[in-house]
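Here is the structure we will look at.
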Protein chains: 4
Amino acid sequence: MSIRIFVTGGTFDKEFNEINGELFFKETNLYELLELGRSQLDVKIETLMMIDSLKMSSDDRNYIINKCKNEKTDRIIITHGTDTMINTAKYVADQNLDKTIVFTGAMIPIDFGSSDGLFNLGSAMGFVQSLSSGVYIAMNGRYFEYDKVQKNIKTGIFESL
Amino acid sequence: MSIRIFVTGGTFDKEFNEINGELFFKETNLYELLELGRSQLDVKIETLMMIDSLKMSSDDRNYIINKCKNEKTDRIIITHGTDTMINTAKYVADQNLDKTIVFTGAMIPIDFGSSDGLFNLGSAMGFVQSLSSGVYIAMNGRYFEYDKVQKNIKTGIFESL
Amino acid sequence: MSIRIFVTGGTFDKEFNEINGELFFKETNLYELLELGRSQLDVKIETLMMIDSLKMSSDDRNYIINKCKNEKTDRIIITHGTDTMINTAKYVADQNLDKTIVFTGAMIPIDFGSSDGLFNLGSAMGFVQSLSSGVYIAMNGRYFEYDKVQKNIKTGIFESL
Amino acid sequence: MSIRIFVTGGTFDKEFNEINGELFFKETNLYELLELGRSQLDVKIETLMMIDSLKMSSDDRNYIINKCKNEKTDRIIITHGTDTMINTAKYVADQNLDKTIVFTGAMIPIDFGSSDGLFNLGSAMGFVQSLSSGVYIAMNGRYFEYDKVQKNIKTGIFESL
């Protein structure tokens, strides 16, 4: 089974700049995570952008939509900042693509010892291989259909609508 | 959705005894891992045993089978040593239970920085929620039906039969 | 041998706020680090402040000076942001206290897997027990007298003057 | 200041063999640890052997003695299993070399998240640069002269005699 991962940035891939002390984006950590998980799947990773999801423009979202449309693999994971993940999922869902598309992310950057990123990636890998066509959010060990979920901005937890 | 996790030991839960320098079993690390993953699922963990899977007896396997039979939740994850994981899966499958049962484990104990355990647990969580009834192995990011998989003992990788 | 550790913040103790995605100060991680190192020394930790060293005022520095003056233990470690660590060390040195005072910090917060904090703390513990009275900087595995060191702001490395 | 590190194995450098599930020695992790600590010292690492200290023979100890004798740098760290670290230190001390020689090790392998190795290495780096000639044990944040220390075999802690 082939899987495509599109990387868009978000907390997931934030790193620490030791010169100015700020968080920033360098390169995605997805390759290292799949190696750590000893993944043996046919996974192709492509970095579409590396941005905070609060800064994602409609141009950015159109770019993501086009990549999903033109992708030959029908199982796609998109890593994305959690703040606007559900928004982007709705845009993608509007295209009615006959594909299984799973958005995931992290509350803590994966360079931290306490990150939820590896767990979330694992669950997204499970969901993308076994759910039927549709657009989903995979967070907190759960999956949600894109239009039946909200992020609780006080707790950071994704909840059913 | 409710999930039951049965813990049986295996590399997953091996810890380091700093007095005698040997690996041993203390308590399962599953609780910490679900907390790390910010899991919001209704998961109940029960430790059935804490043993190397090479030392698992038929009594042990019968105990696992009975726990699966009597379990009211129909979505079960079993953590298990990788050496005889497939054997135990076959025993369980022979019961023809109408449940989704996913075996998972780790090649490296989760107390090591390089462990695949958190990724495997995440993927097992994904598979157990979305696969139909049956007995499966979740390793290396993939899932296998219990009778279509072998462990390559040279590489440690689970492969399709 | 008794050691006093004064905590002032800095990169060392930065944590990740998973709600707003920013770095912030909560409580010091020094207790956990000494436990991790299985330290058996008589160490007392006191948090004086939790701030970025770029925001340290002369009031803050006077407070640190007074704590050093009034401290009965003559071996003191001060954790401090690296940007103005040398400045504060000079203020403290101007007091000509008959104590061994070692400043240390980190380039990467200790909550990151790639942090230099535990190594730096270990080296500061070594230096504070074995150097004669004076004010020192312990970074990069080295120690420097407070007036013979500069931080290279391009590389983040502490160098001899 | 130049420092020589001689590696002899011990818990410090134990790794996990994911095929047979046992701990074993591969290559030393000292290079990675010094990089993690952003060490800027002139340190040369040489692996003399990779063994459990309980299996160290008198031939092995003579080899260590000769390496210490012939070493031009007069500041030496020796990583060593904790079980017989004090024995080897006595052998080395009998040579009355005019050098500062610091033995250190770890209770937990450095590949574990809970290892004390990086802290111990940091403290050994501090002690070796600032103590006068002699043979020392650096463990638990402390240093001991080689003939004034014992390892408490119940707790694993190094204590003053």
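The values are calculated or read from the model by the stated rules, or taken from the named source; none is laboratory data. From a predicted model like this one, the values you see are computed outputs, not experimental measurements. Please note: Cβ atoms are built from the backbone with ideal geometry, for glycine as well, and neighbour counts cover all protein chains shown.
Identify, please: which residue in region C:5-26 is among the hydrophobic types (A, V, I, L, M, F, W, C) and farther than 28 Å from C:R75 by Cβ and is, among those, surrounded by the most Cβ atoms within 10 Å (Cβ to Cβ)?
Kept after step one, since they are among the hydrophobic types (A, V, I, L, M, F, W, C), are these residues of region C:5-26: C:5-7, C:12, C:16, C:19, C:23-25.
If we keep only those that are farther than 28 Å from C:R75 by Cβ too, we end up with C:16, C:19, C:23-24.
Working: C:F16: 24, C:I19: 11, C:L23: 17, C:F24: 11.
Among residues in region C:5-26 that are among the hydrophobic types (A, V, I, L, M, F, W, C) and farther than 28 Å from C:R75 by Cβ, the one surrounded by the most Cβ atoms within 10 Å (Cβ to Cβ) is C:F16.
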Given (1) under 17 Å from B:G126 (Cβ atoms); (2) among the β-branched types (V, I, T); (3) in contact with a Gly (Cβ under 9 Å, 6 or more places away or on another chain), B:T82 misses just (1)
Residue list for region B:21-51, restricted to those being in a loop (DSSP other than H, G, I, E, B), away from chain A (no Cβ under 14 Å) and closer than 21 Å to B:L118 by Cβ:
B:K26, B:E27, B:T28
The one condition C:E18 fails out of (1) without any contact (Cβ under 8 Å) to a residue 60 or more places away in the chain; (2) within 12 Å of another protein chain (Cβ to nearest Cβ); (3) farther than 23 Å from A:E22 by Cβ is (3)
Kindly indicate which of C:S115, C:S130 is small (G, A, S) and farther than 27 Å from D:F144 by Cα.
C:S115
Can you report the number of residues in region C:1-15 which are part of a strand (DSSP E or B), within 14 Å of chain D (Cβ to nearest Cβ) and hydrophobic (A, V, I, L, M, F, W, C)?
2
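Within region B:76-85, does at least one residue satisfy the condition of being out of contact with any helix residue (DSSP H, G or I) (no Cβ under 8 Å at 6 or more places or on another chain), surrounded by fewer than 21 Cβ atoms within 10 Å (Cβ to Cβ) and not aromatic (F, W, Y)? Break it down into steps so the answer makes sense when it comes.
First pass over region B:76-85, keeping only residues out of contact with any helix residue (DSSP H, G or I) (no Cβ under 8 Å at 6 or more places or on another chain): none.
No, every residue in region B:76-85 fails to be out of contact with any helix residue (DSSP H, G or I) (no Cβ under 8 Å at 6 or more places or on another chain), surrounded by fewer than 21 Cβ atoms within 10 Å (Cβ to Cβ) and not aromatic (F, W, Y).
If only one of C:L54, C:L36, C:L41 is farther than 30 Å from D:T155 by Cα and not small (G, A, S), which one is it?
On the way: C:L36 fails: farther than 30 Å from D:T155 by Cα; C:L41 fails: farther than 30 Å from D:T155 by Cα.
Result: C:L54 is the single residue among C:L54, C:L36, C:L41 that is farther than 30 Å from D:T155 by Cα and not small (G, A, S).
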Filtering region A:89-140 down to residues that are among the aromatic types (F, W, Y) and modelled with pLDDT of 95 or more yields A:Y91, A:F103, A:F119, A:F127, A:Y136
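I'd like to know if region B:7-15 contains one or more residues that are over 13 Å from the mean Cα position of the chain (by Cα) and free of Cβ contacts under 8 Å to residues at least 40 places away in the same chain.
Step one: of region B:7-15, the residues over 13 Å from the mean Cα position of the chain (by Cα) are B:14-15.
If we keep only those that are free of Cβ contacts under 8 Å to residues at least 40 places away in the same chain as well, we get none.
The answer is no, given that none of the residues of region B:7-15 is over 13 Å from the mean Cα position of the chain (by Cα) and free of Cβ contacts under 8 Å to residues at least 40 places away in the same chain.
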Looking only at helices (runs of 4 or more DSSP H) that lie completely in region C:56-161, which have at least 3 residues being more than 10 Å from chain D (Cβ to nearest Cβ)?
C:58-70, C:85-93
